[in-house]
Structure formats: structure tokens, C-alpha cells
Amino acid sequence: MKVVILAGGFGTRLSEYTETIPKPMVTIGGRPILWHIMRTYAHYGHKNFYLALGYKAEIIKEYFLHYRSLNADFTVDLASGVVTPHQADEADWQVTLVHTGLKSMTGGRVKRLQSFIGSEPFLLTYGDGVANINLTKLLAFHRSHGKMVTVTAVHPGARFGELEMDGEQVISFQEKPQTTQGWINGGYFVVEPGFFDLIEGDQMILEREPLEHVARMGELMAYQHDGFWQCMDTKRDRDMMEELWQQRQAPWRV
């Protein structure tokens, strides 16, 4: 199944990095977060990617254009120009890079990919969030209900220690990155092609008119993911994810 990844925003809340690179190229463990997201999809057999680019699109294009050399040791014969790779990266993905406008909104970027996706269901997510989601189960859930869109519901990240209370007494204190209460949009959508018809132009925000319309139609279902999920909105988020990766405790690692 084709995978659409939104990778064109300005990433203003992560300006420590995004003044020079687009947000999906901020690294965790020496690899862009975009790579981590794609690796999760590839692990479940989804290797046909469509990247909706915008801000600093050329940096993402250059990364994939030179992917093999950037992710392998190699020998260069300067006389002949022959390059011999050593321990080449095992990725066998097909990556289509599409500039979807510098100032397009999320819905507009999806709409611009309609001609590439065609009349088939597709997977959709953001270029800044990782999860240990079972994509096989997500797809099975989507197919079971027959609705237009499935969104993955996740527990939001906790900025502070989570307290479990019994009246005024604290019975549990947990300093952890996720709460156990409430659900938010975690991305990792499954979308039927009819959704394209609900998007009108570049300035339409995916999370507003189109998804609100689908919800009113009764065509939006939520796959509840109780496992790990984390978006990279701030430097604090990035540093936490980096620490997990370096300690080999990253739940999304496959």
C-alpha cells in the first residue's frame, strides 16, 4: 500500500534546527526522524513512499538522491570514477518526492498527491512522530469497519510527572512521556480515495474541514493505540528521543 508522509511544514517550534534543515531531517541516532518513520512502515511491508515536500525540499531530495552513498562505506577509484560500496544500507524502498508548495497547508499537500495515489486506499502520516504501532492491526481494523478514514488515537505526551490521586492522597507518581488519560490525533491514518474530494485547494488544513466533514458523515473511525507514541515538537522532545535511542530503549526501534 502507498504511504504518504507530510514533510513540508516550517517546523517553527523546533527553530534550533529548522532554520537550516526541514523538521523531518532532524536526526535521532544519526538518522533523520523521517527515516525512522519510514523504517516502521517498511517493517510491515509498506515500502512505496510519497513524500509531500515544501520548506527546504531540496535538502530532503538530496538526502534520498544520495541515500546509498550517505548510508554506506565505499571505495572510490579516482582514476576510473568507479564507486564500490561496502556494507550498503539494506533499504529497498521506492521513494517519490513531490514538491507540494512552500506555503500549502496539510490538506492541500495531500490533495496535490492525488494524481500519484490514484483510486486506491493509502496510508498517511506526519513527518515528525514515531510509534511502536502495529500497522497490520491498524489496516485490519480499517478494513473491518468499511469507513472512509481511520485515525490512530494515542495518549498525549506528559510534560510533567503524572499523578494518580485518591482524593488528596497521591497513590502513584510516574515521570513518563505519556499519560494514560484522554486521546489525541497521532497520525498514522488509513484513507480511502474518496477523501480527496473533500479537500479544496492548498489552504485547506487536513485536521479541520476535511476530517471534521468526515466525522460529521460518520465516516471517521479511531484505532486506539495504547503503546508508545511521540512527536518531535521541541528540542526537549528530540533530546528525549535521542536518549532512548542511544540507550537502545527506543520502543519504535524495529
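Things worth noting here:
- Distance between the pseudo-spin-label points of E16 and D77 (7 Å out from Cα toward the beta carbon): 4.6 nm.
- When L123, L78, L65 are sorted by how many other C-beta atoms sit within 10 angstrom of their C-beta, beginning with the fewest, the order is L78, L65, L123.
- Between the alpha-carbon centres of region 121-150 and region 41-104 there is a gap of 25 Å.
- Of the GluC sites (Glu not before Pro) found in region 1-76, those in coil by DSSP whose Cβ has at most 11 other Cβ atoms within 10 Å are E19.
- Amide H within-cut-off set for Y126, under 5 Å, with H built and near neighbours excluded: L6, Y188
- Rounded to 0.05, the FRET efficiency of the H66 and K137 pair, given R0 = 45 Å and the Cβ-Cβ distance, is 0.80.
- A prolate overall shape is assigned to region 1-136, the ratio a/c of its alpha-carbon gyration tensor axes (a ≥ b ≥ c) being 1.5 or greater and a/b exceeding b/c.
- Here the chain is scanned for trypsin sites (Lys or Arg not before Pro) in DSSP loops (not H, G, I, E, B) that have at most 12 other Cβ atoms within 10 Å, and the longest stretch holding none of them is 1-102.
- Backbone N within region 126-142 under 20 Å of label point (7 Å from D226 Cα along the Cβ vector): 131-142
- Long pairs among K147/K235; K56/K235; K111/K147, criterion Cα-Cα beyond 30 Å: K147/K235
Coordinate-derived values only; no laboratory data. Quick caveat, the model's predicted, so the values are computed rather than measured. Glycine also receives a Cβ, built like all others from the backbone with ideal geometry; neighbour counts cover every protein chain displayed.
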